[in-house]
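To start, the structure itself, in structure tokens.
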């Protein structure tokens with residue numbers, strides 16, 4: 001009952017006014033903006049976290065893709081290299097063959113030319129020999145063909161000679 | 001008159017003390033059993049202790 | 001996170017206010033013991049009187065009272081350091097004057113032919129001689145005008161309102177510059193979050209807590225700041241005043257009743273799932289429950305803070321009662337220790353008041369799906 005004696009109506013009145021004032025003022029100028037700002041920030045953080053999570057998973061996907069692409073590229077490169085190697089060796093082989101063929105062809109041609117030259121030379125020599133022989137023969141004939149007999153003898157010997165030469 | 005009031009106040013304090021002790025003890029047990037729920041148990045403990053305290057004070061002032 | 005930040009703040013407040021605390025109280029108590037030495041009161045009675053005086057509201061803001069000497073009749077003369085406050089009386093019209101007119105109760109205040117006397121902190125109407133008549137229990141029987149003065153406690157509440165406006169208005173403005181507060185806001189934001197995450201959301205629920213946040217935050221910081229100011233050398237006791245706690249409890253009561261939903265009222269007037277006779281029997285019980293909840297809030301805060309002040313001041317008074325080299329330091333350290341506990345209690349009481357308020361509000365807005 002002492003408590004009721006201690007109750008001061010004036011204090012109660014002022015306290016009520018101050019409390020209402022506080023609720024109205026602080027609600028408008030402090031609590032609302034603070035709570036909104038905090039909520040906005042929390043939402044922002046949550047969104048950022050979600051975005052980061054998404055980016056991470058996307059990144060993982062991209063890395064996986066990259067790995068796949070890299071592997072494919074490696075395989076392709078190997079295949080290309082292999083092909084190139086094969087091509088190279090075959091080209092060399094071909095070139096070698098061709099060169100060989102060319103060389104033998106040239107040799108053959110050379111041989112033929114040599115043969116031809118030889119034949120030509122021989123036929124030239126033969127011709128000259130024949131010419132010379134005829135010359136010699138004509139000279140001898142001029143000298144020795146005084147008689148018929150002698151002429152015949154000579155022809156025979158000449159003929160036999162030619163046979164022998166051959 | 002004053003002596004009786006003092007005696008009553010003492011009794012109230014004994015009762016409240018026992019009650020608070022029981023609350024605190026039980027809360028400690030609960031926290032020991034489930035340390036991960038310590039926060040919730042503490043909050044519940046404080047609320048119950050506050051209610052008990054309220055009753056004790058009311059009795060003190062009435063007495 | 002919020003908890004560590006909070007404990008840091010507690011320690012900061014603790015170390016800032018503690019050194020001042022002891023001096024302030026010791027000054028006051030010393031004065032009390034020496035006060036009215038000429039009277040036949042025992043020192044025990046004097047201390048009791050002084051503590052009672054401290055717990056009460058005052059019409060002027062007095063920091064220190066110094067005994068300057070004695071006059072020719074052997075009565076002690078005092079010099080008061082402080083300032084006077086406006087007095088507003090409702091007695092056949094509003095009467096406003098400064099409390100300096102009373103000269104700390106030594107003189108009468110005369111206004112338009114009416115005389116007022118300040119007697120033990122209460123203003124009485126008297127005759128021109130300032131006669132106070134007493135009843136059997138030594139209580140004055142004079143008429144009392146309706147006292148609406150801006151007392152010490154009202155001043156402190158206005159100061160708290162201004163302080164909160166500066167602090168939290170600043171915090172709110174800080175958010176316009178960026179999402180993270182700077183300066184004092186770094187300390188205040190965790191506290192706001194603490195109230196939201198530890199008090200409002202667990203008790204009211206995630207969906208409905210927002211509407212009650214302004215009320216809970218205002219009440220929490222109002223009580224906490226005033227509790228802490230009560231521990232400072234200002235020597236005020238605002239939250240340990242029954243009118244203050246009654247008003248706070250009344251607000252919680254009103255908020256609870258006005259936000260109560262259909263299920264809440266149904267549980268009071270027609271409890272579901274019980275026999276009809278029980279329903280009728282439960283109505284008065286539930287109605288009583290509505291009233292006891294804010295009543296408990298009121299008593300708890302008042303009693304806790306008052307008890308804290310009484311304990312601290314009694315312990316300090318013991319130093320001056322014993323007047324010995326052993327008792328002095330030991331009681332000083334005991335008081336020091338109690339003061340630290342009081343700082344914790346200052347927070348705890350604000351926390352419990354807000355917590356119980358949100359619990360009551362939570363029960364009024366709950367959906368009661370579980371029944």
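Rank C:60, C:138, C:91 by mean-square fluctuation in a GNM of chain C with C-alpha springs under 10 angstrom and give only the top-ranked residue.
Comparing C:60, C:138, C:91 in a Gaussian network model of chain C, the most mobile one is C:138.
Based on alpha-carbon centroids, what's the gap between the stretch A:16-70 and the stretch C:185-225 in Å, whole number please?
About 19 Å separates the Cα centre of the stretch A:16-70 from the one of the stretch C:185-225.
What angle, in degrees between 0 and 90 and rounded to the nearest 10, separates the Cα long axis of helix A:148-165 from the longest principal axis of the Cα atoms of chain A?
Around 30 degrees separate the two axes.
Tell me the relative contact order for the stretch C:208-289 as a rounded percent, counting alpha carbon contacts under 8 Å between residues six or more apart.
Over the stretch C:208-289, the number comes to 14 percent.
Can you tell me which of A:150, A:118, A:105 moves the most in a GNM of chain A? Springs connect C-alpha atoms under 10 Å apart.
A:150
Would you list B:14, A:18 from fewest to most Cβ contacts within 10 Å?
Going from least to most buried by this count: B:14, A:18.
Using only Cα atoms, find the angle between the long axis of helix B:38-62 and the longest principal axis of chain B, and express it within 0 to 90 degrees, rounded to the nearest 10.
10
How large is Rg over Rh for chain C, taking Rg from the Cα atoms and Rh as the Kirkwood inverse mean of 1/r across Cα pairs?
Over the Cα atoms of chain C, Rg/Rh equals 1.03.
Compare A:136, A:38, A:17 in a GNM of chain A, Cα atoms joined below 10 Å, and give the one with the largest fluctuation.
Per the Cα network of chain A with a 10 Å cutoff, A:17 tops the list.
Using only helices, what value at 222 nm comes out for the protein assembly as shown when you add -39,500 (n - 2.57) per DSSP H run of length 4 or more and divide by the total residues, to the nearest 500 deg cm²/dmol?
-25500 deg cm²/dmol
Just checking the output field for C:245-255: average partner chain Cβ neighbours within 10 Å of each residue's Cβ?
Averaged over the peptide's residues, the number is 3.
Going highest first, how would you order C:212-218, C:177-183 by mean Cβ packing within 10 Å?
Taking the mean over residues of other Cβ atoms within 10 Å, the ranking is C:212-218, C:177-183.
Could you put B:33, C:300 in order, starting from the residue whose Cβ has the fewest other Cβ atoms within 10 Å?
Fewest-to-most Cβ neighbours within 10 Å comes out as B:33, C:300.
Rank the residues C:238, C:219 as a footprinting-exposure proxy: fewest other Cβ atoms within 10 Å of their Cβ go first.
Listed from fewest to most nearby Cβ atoms, that is C:219, C:238.
What do you get for the angle between helix C:43-55 and the principal long axis of chain C? Use alpha-carbon atoms, 0 to 90 degrees, nearest ten.
50
Using only the Cα atoms of the protein assembly as shown, construct the convex hull and provide its projected area averaged over every direction, in square nanometres to one decimal.
Orientation-averaged projected area of the Cα hull: 67.4 nm².
Read-outs throughout are calculated quantities, based only on the coordinates presented, and are distinct from any laboratory measurement. Here the structure is a predicted model, which is why all the values come from computation and not from measurement. Cβ sites come from the backbone with ideal geometry, for glycine too, and all protein chains shown count toward neighbours.
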